[in-house]
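All remarks here apply to the structure that follows.
The values are calculated or read from the model by the stated rules, or taken from the named source; none is laboratory data. This is a predicted model, so every value here is computed, not measured. All Cβ positions, glycine included, derive from the backbone under ideal geometry; neighbour counts span all protein chains shown. Ligands, DNA and RNA are stripped out before the accessible areas are found, and what is left, the full protein with its side chains, is counted by its heavy atoms. Shrake-Rupley method; radii C 1.70, N 1.55, O 1.52, S 1.80 Å.
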Amino acid sequence: MHLTSRADSSLSLVSSSQGTNFAEAMALRSISRRFASRVLSYRSSSVASLHSHATSFGFQQVKEEEKSKLVGNVFTNVASSYDIMNDLMSGGLHRLWKERLVGKLSPFAGMKHLDVAGGTGDVAFRIFDAVNSVKRRALRKVDEDSLEETQIYVCDINPNMLNVGKQRAAERGLGDNKSLVWVEGDAEALSFDDNSMDGYTIAFGIRNVTHIEKALAEAYRVLKRGGRFLCLELSHVDIPVFKDVYDLYSFKVIPNLGELIAGDRESYQYLVESIRRFPPQEKFATMIADAGFEKVEYENLVGGVVAIHSAIKL
């Protein structure tokens, strides 16, 4: 198994000054401890009442068969404001993170690519633009036939998210473009053939599936030999002071933004809780390797707020 972590490329840390208010620091740590206590209380109160296999929905334990419906409700509720909220929550940084993701993919003309949980098209449009960029075409001497053969499949389990993506495509003049294919489908049971894709991306989606292992196995199945797997996901911050600030922002600010902008506090409460339940970077890298992938590595961005995991099917 080949696992590599890369140094954070997006955050420069400055040592705390000696004048930092001790009471404020302790208050932040107290908030973090209360969040941890909340996780434990959910676990102890919920597990005993379940009579089938359980999984997490945020900090709650729910039956496996219920999770996909609950997650579906979340994204049905937030579909129309999804991209606006991404801008607000990340201060626009999600655009740079997605550019970094696509840069690691190195799209090429004629490729068959699958973007899972990509309903609004944000990643797919970037891949499309990269393939069609004049500069790349000139450098690689790509002919028009190769461009026409390019197919980018946007797969999402939620039809409302796909409808937003199709509308955005139409606004870009790409409504009838044959290179963009919109597919309603489940990351755990993809409808695509074995060894059919040159690339697979999933951005801010894999933590929402019921069985991460099944989604990874499906990614491995549909990729060709030499195909690249890339996952952009909100992850774990382990820098003490920054973690306290990030927890405060996550649990106090983001749900309030959701209520103010999207009229939906609960969906964004689930969002921040689901991040804490997602496996840490090293554990997730091991899961990717266990699915059969080679050359597994990850890169932390903004101190681990997000991470990009990459791997190859050999």
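Give the whole-number value, in cubic angstrom per residue, of the convex hull volume spanned by the C-alpha atoms of region 234-314.
Measuring per residue, one finds 99 Å³ for the Cα hull of region 234-314.
How high is the FRET efficiency from residue 295 to residue 84, r the C-beta distance, R0 35 Å, rounded to 0.05?
0.45
Considering only protein heavy atoms and a probe of 1.4 Å, how much of the accessible area of region 223-314 is carbon and sulfur, as a whole percent?
The computed percentage sits at 56.
Given 178/214; 178/295; 214/252; 112/252, which pairs have Cα atoms separated by over 31 Å?
178/295; 214/252; 112/252
Write down the percent of antiparallel bridges among all DSSP beta bridges whose residues are both part of region 172-312, to the nearest 5.
Here the share of antiparallel DSSP bridges comes out near 70 percent.
With r defined as the distance between the Cβ atoms of residue 282 and residue 163 and R0 fixed at 45 Å, what FRET efficiency is calculated, to the nearest 0.05?
In this case the efficiency is close to 0.75.
Write down the accessible area per residue of region 80-194 in Å², having rolled a 1.4 Å probe over the full set of protein chains.
I get 49 Å² per residue for this part.
With all distinct Cα pairs included, what does the Kirkwood hydrodynamic radius of region 150-282 come out to in Å, to one decimal, could you say?
It works out to 17.0 Å.
Just how large is the dipole of region 254-301 about the Cα centre, in debye to the nearest 20, putting +1 at every Lys and Arg Cβ and -1 at every Asp and Glu Cβ?
The dipole of region 254-301 has a size of about 100 debye.
Under a point spin-label approximation (7 Å from Cα along Cα-to-Cβ), what is the residue 224-residue 242 distance to one decimal in nm?
Placing both labels 7 Å beyond Cα along the Cβ direction yields 3.8 nm.
Residue 150's amide H: which non-local residues (gap 5+, or another chain) put their own amide H closer than 5 Å, with H modeled 1.01 Å from N in plane and none for Pro or chain starts?
Those lying under 5 Å, H to H, from residue 150 are 110.
Once every Cα of region 268-307 carries one equal point scatterer and solvent is ignored, give the base-10 log of I(q)/I(0) from the Debye formula at q = 0.15, 0.18 Å⁻¹, two decimals.
Ignoring solvent entirely, the Cα scatterers give -0.43, -0.59.
Once you have the Cα-Cα distance between residue 171 and residue 108, take 0.36 nm times their residue separation minus that, and quote the gain in nm to one decimal.
20.3 nm
For a label point 7 Å from the Cα of residue 96 along Cα→C-beta, name the residues of region 274-314 whose backbone N is under 15 Å from it.
300-308
For residue 306, which sequence-distant residues (separation of 5 or more, or a different chain) have an amide H within less than 5 Å of its own amide H, given hydrogens modelled in the peptide plane?
Here 235, 301 satisfy the definition.
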